[in-house]
1. State the number of residues belonging to the stretch 80-109 that are farther than 22 Å from Pro29 by Cβ, outside any helix (DSSP H, G or I) and either open to solvent by less than 60 Å² (accessible area, probe 1.4 Å) or modelled with pLDDT of 95 or more (or both).
2. I'm trying to understand the selection: among the residues of the stretch 29-38, which are open to solvent by 70 Å² or more (accessible area, probe 1.4 Å) and either at pLDDT below 55 or assigned to a helix (DSSP H, G or I) (or both)?
3. Tell me whether the stretch 21-28 contains one or more residues that are at pLDDT below 95, in a helix (DSSP H, G or I), out of contact with any Asp or Glu (no Cβ under 8 Å at 6 or more places or on another chain) and not charged (D, E, K, R).
4. Cys59 passes all but one of (1) in contact with a Leu (Cβ under 7 Å, 6 or more places away or on another chain); (2) touching a residue at least 12 places away in the same chain (Cβ under 8 Å); which number fails?
5. Considering only residues that are open to solvent by 60 Å² or more (accessible area, probe 1.4 Å) and hydrophobic (A, V, I, L, M, F, W, C), which ones fall in the stretch 44-79?
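The values are calculated or read from the model by the stated rules, or taken from the named source; none is laboratory data. It should be emphasised that the depicted structure is a prediction, and the values quoted were computed from it without experimental measurement. Backbone-built Cβ (ideal geometry, glycine too); neighbour counts: all protein chains shown. Just so you know, the surface numbers come from the protein's heavy atoms only, side chains and all, with ligands and any DNA or RNA stripped out. Shrake-Rupley method; radii C 1.70, N 1.55, O 1.52, S 1.80 Å.
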Amino acid sequence: MAQEAQQELHPSQQASKQESKQDPQQGLPAPLVDMHRAISALIGQLESLDSNGQRFESCTDPELRRVLANQGDVARKQVAMLLEWMRRRDVKLDKEMKEALFKAGPIVAQFHYE
């Protein structure tokens, strides 16, 4: 029964619930804890975007489709804000994002794996 209740939660609520269980505050530096929070929030937003997109595609009511489309736009903005927050605080992520994003051509061709 507990599994059913968890499945009924919205993905962002599940991530939030999971974050509160796993919030590693004791003994870790505040920047690391904040990064964990941002990653947990990002996961929740991406899951929300996924489930909302599925709802949108299967919805037949035009007005509800507009509402769902707006929800998707909000989730995309939140994903972008979280990624930007993370990029500004993680030098290596900043470097990788600057090298990988907004480039033309095949995606994997940009990376040189050693």
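1. 1
2. Of the stretch 29-38, the ones open to solvent by 70 Å² or more (accessible area, probe 1.4 Å) are 29, 31-32, 37.
Across the stretch 29-38, the qualifying residues are Pro31, Leu32, Arg37.
3. Within the stretch 21-28, the subset at pLDDT below 95 is 21-28.
After this cut, where a residue has to be in a helix (DSSP H, G or I) as well, the list is 21-22.
The next check asks that each one be out of contact with any Asp or Glu (no Cβ under 8 Å at 6 or more places or on another chain); those that pass are 21-22.
Filter once more, keeping what is not charged (D, E, K, R): 22.
Checked the stretch 21-28: at least one residue is at pLDDT below 95, in a helix (DSSP H, G or I), out of contact with any Asp or Glu (no Cβ under 8 Å at 6 or more places or on another chain) and not charged (D, E, K, R).
4. It is condition (2) that Cys59 fails.
5. Step one: list which residues in the stretch 44-79 are open to solvent by 60 Å² or more (accessible area, probe 1.4 Å), which gives 46-47, 50, 54-55, 57-58, 60-67, 70-71, 73-74, 76-78.
Within the stretch 44-79, Leu46, Leu64, Val67, Val74 qualify.
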